[in-house]
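Asks: Quick one: the structure is below, questions incoming.
Laboratory data are not the source of any read-out in this text; all were calculated from the coordinates shown. None of these values were measured; they are calculated from a predicted model. Positions of Cβ are generated from backbone atoms using ideal geometry, with glycine treated the same way; all protein chains shown enter the neighbour counts.
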């Protein structure tokens, strides 16, 4: 199965290959984009590679509509929200999902671990995310809001380190940096509250 990150975007139009390549060139990354299915303006699957052929990521574009894989993905995500925390984040995602028109799925491959491969993947992913209102999902982590702050806890119990989070207060996002390993920080976030003493955005 592999590890996936995804961009769930409200933009239906396909991001052209030339736009993605331009982002990489401008950032000074030496990477190759191969089309596996479709064409440069309307593709369904790409492979992002280092010049030596080492694969960084397999990228799939799944439009959302009646009886599509994209729609099935949204249903599967939403089915997990009954037990998700904080409930306010899950409720907001449920309200956002009807606006999603396309899901870009990035399967991370071995090339992410060499020659700035993860930075290359992130540049492509973030360029798609920034084009229109969109959120990001990461396996074993959760979802962000449209500003890129983490709003749903799907981490393992062993997670640690600092992370930028967001909770809803009076229909407005409040962003802060919390310690993922802190039990008190976790429990406050799970309740949809701002943990005491955290750094505000």
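Asks: What's the angle, to the nearest 10 degrees (0 to 90), between helix 87-96's Cα axis and the longest principal axis of the chain?
Replies: So the inclination is approximately 40 degrees.
Asks: Please give the calculated 222 nm ellipticity per residue for the chain, where each DSSP H segment of at least 4 residues contributes -39500 (n - 2.57) and the sum is spread over every residue; nearest 500 deg cm²/dmol?
Replies: Calculated from helices alone, the mean residue ellipticity at 222 nm is -7500 deg cm²/dmol.
Asks: In the chain, how does Rg compare with the Kirkwood Rh, expressed as the Rg/Rh ratio over alpha carbon atoms?
Replies: 0.98
Asks: Roughly what % antiparallel, to the nearest 5, for the DSSP beta bridges in segment 102-201?
Replies: If we restrict to bridges inside segment 102-201, about 95 percent are antiparallel.
Asks: Per-residue counts of other Cβ atoms within 10 Å, averaged by peptide: what ranking do you get for 53-64, 131-142, 187-198, 25-36, highest first?
Replies: Packing order, densest peptide first, comes out as 53-64, 131-142, 187-198, 25-36.
Asks: Kindly provide the Kirkwood hydrodynamic radius of segment 101-149 in Å, to one decimal, from all pairs of distinct alpha carbon atoms.
Replies: Result for segment 101-149, one decimal place: 11.8 Å.
Asks: What whole-number volume per residue, in cubic angstrom, does the convex hull of the C-alpha atoms of segment 107-201 give?
Replies: 115
Asks: Using every pair of alpha-carbon atoms in segment 11-51, split the distances into 5 Å bins beginning at 0 and state the percent of pairs per bin, rounded to integers.
Replies: It works out to 5, 24, 30, 24, 14, 3, 0, in whole percents.
Asks: Which percent of the Cα-Cα distances in segment 48-146 go past 20 Å?
Replies: Of the Cα pairs, 44 percent sit more than 20 Å apart.
Asks: Now for a different question. Quick one: Debye curve from the alpha-carbon atoms of segment 54-93 only, equal weights, vacuum; give me log10 I(q)/I(0) at q = 0.22, 0.30, 0.33 Å⁻¹ to two decimals.
Replies: The calculated log intensity ratios at q = 0.22, 0.30, 0.33 Å⁻¹ are -0.77, -0.93, -1.02.
Asks: Moving on to the next point. In segment 1-107, what is the volume of the convex hull around the alpha carbon atoms, normalised per residue and reported in Å³?
Replies: In segment 1-107, the Cα hull volume divided by residue count equals 130 Å³.
Asks: Using the alpha-carbon atoms, what tilt in degrees (0 to 90, nearest 10) does helix 17-26 show relative to the longest principal axis of the chain?
Replies: The answer is roughly 80 degrees.
Asks: Note the angle between two axes, namely the Cα long axis of helix 69-79 and the longest principal axis of the Cα atoms of the chain, as a number of degrees from 0 to 90, rounded to the nearest 10.
Replies: 10
Asks: Oh, and also: How big is segment 157-201 by the Kirkwood estimate over distinct Cα pairs, in Å?
Replies: By the Kirkwood definition, the hydrodynamic radius is 10.5 Å.
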